[in-house]
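See structure below.
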Amino acid sequence: MTKPATHAPLLDVRNLAKSFAGLNAVDGMSIALARGELTGLIGPNGAGKTTLFNLIAGSLKPDAGSIRLGGTDLTAIGPERRLRAGLGRTFQIPRPFGEMTVLENVLTAVQNQTGERMFANLYAFSRIAAEERRSVEKARAILDFLSLSRLENEPARVLSGGQRKLLELARVMITDPQVILLDEPAAGVNPALLDLIIDRIAEINRRGMTILLIEHNMEMIQRLCARVVVMAQGKLLAEGAPADIARDAGVVGAYLGDAA
Amino acid sequence: MSPEFLAYGAFFLTMALTYAIICLGLNVQWGQTGLFNVGIAAFVAIGAYASAILTTPDAAGRIGGFGLPIAVGWVGGAALSALLAFLVGWLTIRLRADYLAITTFGVSVSVQLVALNLVGLTGGPFGITFIPRPFGDLAGNALAFGLANLALVAAVVLVTYLILERLVRSPWGRVLRAIREDEIAAQALGKSPKWLRIQAFTLGGAIMGLAGAIQAHFIGFIAPENYLPMITFQVWAMLIVGGSGNNRGAILGAILVWALWALSGQLIEATFPAGSQARAASLRLVLIGVALCAILLVRPQGILREVRTLSRHALGRKQPEVSS
Ligand SMILES: Nc1ncnc2c1ncn2[C@@H]1O[C@H](COP(=O)(O)OP(=O)(O)O)[C@@H](O)[C@H]1O
Ligand SMILES: [Mg+2]
């Protein structure tokens, strides 16, 4: 449930803008997430939702605007440092490391690994081994949670579309983020996995995770989100409870392709 | 077998193994990280000259000549080459990939020119002589000297190989593989591709510098003409023949290509009249080129192809055999 706005928002995105060769893909978008909130982000194809995620996560540099997480300004830093600051994201088109196993995909995402320092591997044997054991344990718990355990030793390239979406989620979960940006985690997923994905997103949120969720499936939005933000042509079109939004004439118009 | 033949065999193998070290360095850069270094000669030369300057006795008309122990020279050569690699990496890896290729090529030409012209430091075209040789007091006995040096260089190859294998299977190697597969995904998981690439490039440079130093001490003298772009070509051929991405392949490829190189040299010496030998020498290049093409046609990934590596601790639990 949305908490009253007595505290500063955890994620505070203001007036972001990005244009591609004259096309204003994101055009002055602001969005604020309170801690623990699960907010939906909807809008027609090409509305600029994924571009907004890329701006927030740092894969794209904004033309204008700012991104703050827990009071820290992230606008000027690269995507890897934003993740380290607690801002995790998944990709609309999953990007597994195909030649690595599912387990290794998740292990790669662990933060602050001693063994990632090149020289440490030549002396800190026991410390690295102990860290790896803990990471493997944690990774397996997450894979279990997402029903991927059975596949842990498979190269990630053999995963189905839905399993890839789950792997994206597993990788971002093990980074212990404060906020997760989920880009269409259920698009193209078969119905059997869909329920699982919805259920797991709800559970992650229940454990306290702040989530911004791009999704086209209104039923899923209604099941998961207390608040929805609607984007069209790079701008904020509407904002409110899912039931109200579904009735909003402007939103319906945007989906039909004639938003003003 | 006669002692002369054995001594020659030891000499041949030792040379081949110094190339194997260079090749291991290139495998870190290209095989594991995808960094295109076309200036290998520069890193080998820097290692050789640095070590030579540190270890040779004082010589008239040349700066340096510090007379330090050979081991200090090796370390110094590796360190200086690492520094060069770090600078080149730091300046170019943030740019597009092709900048690295152009820059490394430029650096190798410059280093060669510096070696040729900075007479006061490098001895100019005559190079540096009287570089101390390991086991130099055995030099009277060619076989003992050859075998002792072979053992030493083989030990360096083994240690380098073991360290690199350990790194490949470490979390560091895992991130490197992730970056090679999908840089954007790796970044979104908090990994910093530029920094890891610079590390890998620097490590490769250090190994090449070490190899250069070892070569210099093994032969006992160096000159700018040893560090022409030819070396770069040879080492690339070695890695491609042996199997890029595979450390054992790098070692095997170095030995095979060096054998081809050495044998063809002898063949040319034996078959062509003295007058045309210089021109016939270019046949060796053609020969290596042909061998390269043949390998690429028959085994595009090299003799030993890259194996899918698991990090050491991610050897998963046993799966039930029957499932689904
Ligand atoms: N890298 C890019 N270069 C050029 N145009 C882009 C790029 N990324 C997105 N766009 C354009 O920006 C608009 C918004 O795209 P996107 O953010 O993917 O929308 P959504 O995720 O809401 O479907 C689209 O018109 C798209 O074609
Ligand atoms: Mg999108």
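The values are calculated or read from the model by the stated rules, or taken from the named source; none is laboratory data. This structure is a prediction, so every number in the text was calculated from the model and none was measured. All Cβ positions, even for glycine, are placed from backbone atoms using ideal geometry, and neighbour counts span all protein chains on display. Heads up: the accessible areas ignore ligands, DNA and RNA and are worked out on the full protein's heavy atoms, side chains in. Shrake-Rupley method; radii C 1.70, N 1.55, O 1.52, S 1.80 Å.
Quick one: in region B:191-214, which of the residues that are facing chain A (nearest Cβ under 9 Å) and of a type in the set (A, V, I, L, M) is least open to solvent (accessible area, probe 1.4 Å)?
Per the criteria, the residue is B:Ala200.
Filter region A:6-50 down to the residues that are surrounded by fewer than 22 Cβ atoms within 10 Å (Cβ to Cβ), in a loop (DSSP other than H, G, I, E, B) and more than 9 Å from ligand 1 (Cβ to nearest atom) and list them by number.
Answer for region A:6-50, where residues must be surrounded by fewer than 22 Cβ atoms within 10 Å (Cβ to Cβ), in a loop (DSSP other than H, G, I, E, B) and more than 9 Å from ligand 1 (Cβ to nearest atom): A:Thr6, A:His7, A:Ala8, A:Pro9, A:Leu10, A:Gly22, A:Ala34, A:Arg35, A:Gly36.
Considering each of A:Ile221, A:Ile174, A:Ile214 in turn, give the residue that is away from ligand 1 (no atom under 16 Å from the Cβ) and within 16 Å of the chain's Cα centre (by Cα).
On the way: A:Ile221 fails: away from ligand 1 (no atom under 16 Å from the Cβ); A:Ile214 fails: away from ligand 1 (no atom under 16 Å from the Cβ).
Testing whether each residue is away from ligand 1 (no atom under 16 Å from the Cβ) and within 16 Å of the chain's Cα centre (by Cα) leaves just A:Ile174.
Do we have any residue at all in region A:206-217 that's among the acidic types (Asp, Glu), at pLDDT below 95 and surrounded by fewer than 21 Cβ atoms within 10 Å (Cβ to Cβ)?
Just the residues of region A:206-217 that are among the acidic types (Asp, Glu), to begin with: A:215.
Checking the rest, the ones that are also at pLDDT below 95 come to A:215.
Adding the requirement that they be surrounded by fewer than 21 Cβ atoms within 10 Å (Cβ to Cβ) leaves none.
No, because not a single residue in region A:206-217 is among the acidic types (Asp, Glu), at pLDDT below 95 and surrounded by fewer than 21 Cβ atoms within 10 Å (Cβ to Cβ).
Quick check, is B:Gly289 surrounded by fewer than 15 Cβ atoms within 10 Å (Cβ to Cβ) and assigned to a helix (DSSP H, G or I)?
On the way: surrounded by fewer than 15 Cβ atoms within 10 Å (Cβ to Cβ): yes; assigned to a helix (DSSP H, G or I): yes.
Yes.
Would you point out the residue of region A:51-71, among those that are surrounded by 22 or more Cβ atoms within 10 Å (Cβ to Cβ) and within 16 Å of ligand 2 (Cβ to nearest atom), that is nearest to the other protein chains (Cβ to nearest Cβ)?
Taking the candidates together, the pick is A:Ala57.
Pairs needed: first member in region A:7-22, acidic (Asp, Glu); second member anywhere, more than 10 Å from ligand 1 (Cβ to nearest atom); C-beta distance under 6 Å; at least 6 residues apart or different chains.
A:Asp12/A:Ala32; A:Asp12/A:Arg68
Take the residues in region A:242-258 that are outside any helix (DSSP H, G or I) and surrounded by fewer than 14 Cβ atoms within 10 Å (Cβ to Cβ); name whichever of them is farthest from ligand 2 (Cβ to nearest atom).
Restricting to residues being outside any helix (DSSP H, G or I) and surrounded by fewer than 14 Cβ atoms within 10 Å (Cβ to Cβ), the top hit is A:Asp258.
Starting from residues that are more than 25 Å from A:Arg134 (Cα to Cα) and of a type in the set (A, V, I, L, M, F, W, C), keep the ones in region A:160-193 and report whichever is surrounded by the fewest Cβ atoms within 10 Å (Cβ to Cβ). If you could, list the steps in order and put the result at the bottom.
Step one: list which residues in region A:160-193 are more than 25 Å from A:Arg134 (Cα to Cα), which gives A:160-162, A:181-193.
Subsequent filtering for residues that are of a type in the set (A, V, I, L, M, F, W, C) retains A:181-182, A:186-187, A:189, A:192-193.
Values: A:Leu181: 26, A:Leu182: 27, A:Ala186: 21, A:Ala187: 16, A:Val189: 22, A:Ala192: 8, A:Leu193: 17.
The selected residue is A:Ala192.
For region A:92-124, how many residues are more than 7 Å from chain B (Cβ to nearest Cβ) and within 16 Å of ligand 1 (Cβ to nearest atom)?
Final tally of qualifying residues: 3.
Let me spell it out: the conditions are (1) open to solvent by 10 Å² or more (accessible area, probe 1.4 Å); (2) free of Cβ contacts under 8 Å to residues at least 12 places away in the same chain, and A:Pro96 meets all of them except one. Which number is the exception?
(2)
Can you list the helices (runs of 4 or more DSSP H) lying wholly within region B:137-190 that have 2 or more residues being open to solvent by less than 20 Å² (accessible area, probe 1.4 Å) and facing chain A (nearest Cβ under 7 Å)?
On the way: elements: B:142-168, B:171-181, B:183-188.
Answer list for region B:137-190: B:171-181, B:183-188.
A:Leu236 fails exactly one of the following numbered conditions: (1) closer than 16 Å to A:Thr39 by Cα; (2) touching a helix residue (DSSP H, G or I) at 6+ places or on another chain (Cβ under 9 Å); (3) not small (Gly, Ala, Ser). What is the number of that condition?
(2)
I'm trying to understand the selection: among the residues of region A:239-260, which are in contact with a strand residue (DSSP E or B) (Cβ under 7 Å, 6 or more places away or on another chain) and either modelled with pLDDT under 90 or not assigned by TED's automatic domain parsing to the domain that holds A:Ala186 (or both)? Break it down stepwise before answering.
Of the residues in region A:239-260, the ones in contact with a strand residue (DSSP E or B) (Cβ under 7 Å, 6 or more places away or on another chain) are A:239-242, A:245, A:248, A:250-251, A:254, A:259.
Selection gives A:Pro242, A:Ile245, A:Asp248, A:Gly250, A:Val251, A:Ala254, A:Ala259.
Starting from residues that are at pLDDT 85 or above and open to solvent by less than 70 Å² (accessible area, probe 1.4 Å), keep the ones in region B:292-313 and report whichever is nearest to B:Ile240 (Cα to Cα).
Only one residue tops the list, namely B:Gly302.
Mind checking whether some residue in region B:29-36 is surrounded by 22 or more Cβ atoms within 10 Å (Cβ to Cβ), in a helix (DSSP H, G or I) and over 15 Å from the mean Cα position of the chain (by Cα)?
Looking through region B:29-36, none of the residues is surrounded by 22 or more Cβ atoms within 10 Å (Cβ to Cβ), in a helix (DSSP H, G or I) and over 15 Å from the mean Cα position of the chain (by Cα).
If I go through region A:60-112 residue by residue, how many of them are within 15 Å of B:Ala178 (Cα to Cα) and not basic (Lys, Arg)?
Here the count works out to 18.
Can you tell me which condition B:Arg94 does not meet? The list is (1) open to solvent by less than 40 Å² (accessible area, probe 1.4 Å); (2) within 14 Å of another protein chain (Cβ to nearest Cβ); (3) assigned to a loop (DSSP other than H, G, I, E, B), and all the others hold.
Evaluating B:Arg94 over (1) open to solvent by less than 40 Å² (accessible area, probe 1.4 Å); (2) within 14 Å of another protein chain (Cβ to nearest Cβ); (3) assigned to a loop (DSSP other than H, G, I, E, B) leaves (1) as the failure.
Could you check region A:72-90 and list, in sequence order, the residues that are within 16 Å of ligand 2 (Cβ to nearest atom) and either open to solvent by 40 Å² or more (accessible area, probe 1.4 Å) or among the hydroxyl-bearing types (Ser, Thr, Tyr) (or both)? Reasoning before the result, please.
Quick first cut of region A:72-90, residues within 16 Å of ligand 2 (Cβ to nearest atom) only: A:89-90.
Result: A:Thr90, single match.
Between a residue in region A:42-53 that is under 10 Å from A:Tyr255 (Cβ atoms) and any residue that is within 9 Å of ligand 2 (Cβ to nearest atom) and at pLDDT 95 or above, which pairs come within a Cβ distance under 8 Å, given they are 6 or more apart or on different chains?
Listed by first residue and then by second, the contacts come to A:Ile42/A:Lys49; A:Ile42/A:Ile214; A:Gly43/A:Lys49.
What is the number of the single condition among (1) assigned to a helix (DSSP H, G or I); (2) basic (Lys, Arg); (3) within 16 Å of ligand 2 (Cβ to nearest atom) that A:Arg95 does not meet?
(1)
Can you name every residue in region A:28-50 that is away from ligand 2 (no atom under 16 Å from the Cβ) and either small (Gly, Ala, Ser) or not assigned by TED's automatic domain parsing to the domain that holds A:Ile204 (or both)?
Once the filter is applied, which keeps residues that are away from ligand 2 (no atom under 16 Å from the Cβ) and either small (Gly, Ala, Ser) or not assigned by TED's automatic domain parsing to the domain that holds A:Ile204 (or both), region A:28-50 yields A:Gly28, A:Ser30, A:Ala32, A:Ala34, A:Gly36.
Give region B:111-136 a look and list any residue that's assigned to a helix (DSSP H, G or I) and either on the phi > 0 side of the Ramachandran plot or within 14 Å of another protein chain (Cβ to nearest Cβ) (or both), or say none. Even if it seems obvious, please write down each step before you answer.
To start, the set of residues in region B:111-136 that are assigned to a helix (DSSP H, G or I) comprises B:111-117, B:119-122, B:124-126, B:136.
Residue satisfying the conditions is B:Gly124 alone.
Give region A:54-64 a look and list any residue that's under 12 Å from the mean Cα position of the chain (by Cα) and more than 8 Å from ligand 1 (Cβ to nearest atom), or say none. Don't jump to the end; show me each part of the working.
Taking region A:54-64 and keeping what is under 12 Å from the mean Cα position of the chain (by Cα), we get A:54, A:56-57.
A:Ile56, A:Ala57, listed by residue number.
Can you find a residue in region A:142-156 that is under 16 Å from B:Ala186 (Cβ atoms) and either in contact with a strand residue (DSSP E or B) (Cβ under 8 Å, 6 or more places away or on another chain) or crowded, with 17+ Cβ neighbours inside 10 Å (or both)? Full working, then the answer.
Residues of region A:142-156 under 16 Å from B:Ala186 (Cβ atoms): A:156.
From the residues that got through so far, the ones that are either in contact with a strand residue (DSSP E or B) (Cβ under 8 Å, 6 or more places away or on another chain) or crowded, with 17+ Cβ neighbours inside 10 Å (or both) too are A:156.
Looking for residues that are under 16 Å from B:Ala186 (Cβ atoms) and either in contact with a strand residue (DSSP E or B) (Cβ under 8 Å, 6 or more places away or on another chain) or crowded, with 17+ Cβ neighbours inside 10 Å (or both), one finds at least one in region A:142-156, hence yes.
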